[in-house]
1. Scanning segment 215-229 for residues that are in a loop (DSSP other than H, G, I, E, B) and touching a Phe, Trp or Tyr at 6+ places or on another chain (Cβ under 8 Å), which turns out surrounded by the most Cβ atoms within 10 Å (Cβ to Cβ)?
2. Output the number of residues of segment 191-214 satisfying the condition of being surrounded by 20 or more Cβ atoms within 10 Å (Cβ to Cβ) and outside any loop (DSSP other than H, G, I, E, B).
3. Quick check on my filter: what residues within segment 149-159 are closer than 28 Å to Leu78 by Cβ and either touching a residue at least 60 places away in the same chain (Cβ under 8 Å) or in contact with a helix residue (DSSP H, G or I) (Cβ under 6 Å, 6 or more places away or on another chain) (or both)?
4. Output the number of the condition that Ala183 fails; it satisfies all remaining conditions of (1) touching a Gly at 6+ places or on another chain (Cβ under 8 Å); (2) crowded, with 18+ Cβ neighbours inside 10 Å.
5. Out of all the residues in segment 126-147, is one or more closer than 23 Å to Leu214 by Cα, hydroxyl-bearing (Ser, Thr, Tyr) and surrounded by fewer than 21 Cβ atoms within 10 Å (Cβ to Cβ)?
6. Tell me, which residue of segment 87-134 that is not hydrophobic (A, V, I, L, M, F, W, C) and not in a helix (DSSP H, G or I) is modelled with the highest pLDDT?
7. Determine whether segment 166-175 contains at least one residue that is β-branched (Val, Ile, Thr), more than 19 Å from the chain's Cα centre (by Cα) and at pLDDT 90 or above.
Amino acid sequence: MAVTIPHDFTIAFQPIVNLADKSTMAHEALVRGPKGEPGATVLLSVSPYSRCEFDEVCRRAAFRLAEKLQLAQTGTKLLVNFLPTYIDRISECSPDAEFALETYSLALDRIIFECRDAKWLDTDRAIHTFRVYRSSGFLTSLDNFGPTAPSLELLSQFQPDFVKLSVSMVRGVDSDVTKQRVAAHALRYLRNLDIQPIGVGVETVGELETLRDLGLQLFQGCLFARPAVERLATPRFPS
């Protein structure tokens, strides 16, 4: 089967901030089109048979661009994603540890590998892959966390370093008492497992203040900075 990988793509970076000291904890690498088109648009041009290879190409592009931008000198971490749909092939198509050691000045424990879309995960394969990354020296993260069976099953067997709350849990949390109760329960659950939670998709001061009052410190969203194509954005902190 022919492998079809688009040549016209680039990488944007969006900061993850620590509200406690108003610092940048990490920059997440996000695939974008050459004119800043969303990653979903780029993926439409990728053959389903080539998604694993494209996933690896994107990670390597992120490593190279982060090196060019001297991300290591900022003292922050780099967060890169891998596709859970192709998690069974991750070991054969992505020798990330070796590549990072050869090309990147950031220590492996300052690189975070994040698995997206927990609801679609094959839990056993996801746990195996997380353990491979951790044993190689990387940090790990789970995206799109909610109090659902797949997420809870995975976390009962493997605890990543970070977990991102689902955007649906964050959006409008300041005006929804039920969401506040769900978020409070989720945060207690994660803290009991010694996992650092991240609030993503934060767009309003109200959302930020509500989650902060629930004890959340790590945030990502347009309230602080939009993804910046081929550069490291400096976050803005609401006064």
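The values are calculated or read from the model by the stated rules, or taken from the named source; none is laboratory data. Treat the numbers as computed from the prediction; the structure is a model and nothing was measured. Cβ: placed from backbone, ideal geometry, glycine included. Neighbour counts: every protein chain shown.
1. Among those residues, the one meeting the criterion is Phe224.
2. Going through segment 191-214 one residue at a time, the tally reaches 8.
3. Matches in segment 149-159: Pro150, Ser151, Leu154, Gln157, Phe158.
4. It fails just one condition, (1).
5. Looking through segment 126-147, none of the residues is closer than 23 Å to Leu214 by Cα, hydroxyl-bearing (Ser, Thr, Tyr) and surrounded by fewer than 21 Cβ atoms within 10 Å (Cβ to Cβ).
6. Glu114
7. yes
Okay, residues lined up against (1) within 16 Å of Met169 (Cβ to Cβ); (2) not acidic (Asp, Glu):
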site	(1), (2)
Leu193	no, yes
Ile198	yes, yes
Thr204	yes, yes
Glu207	yes, no
Asp213	yes, no
Val229	no, yes
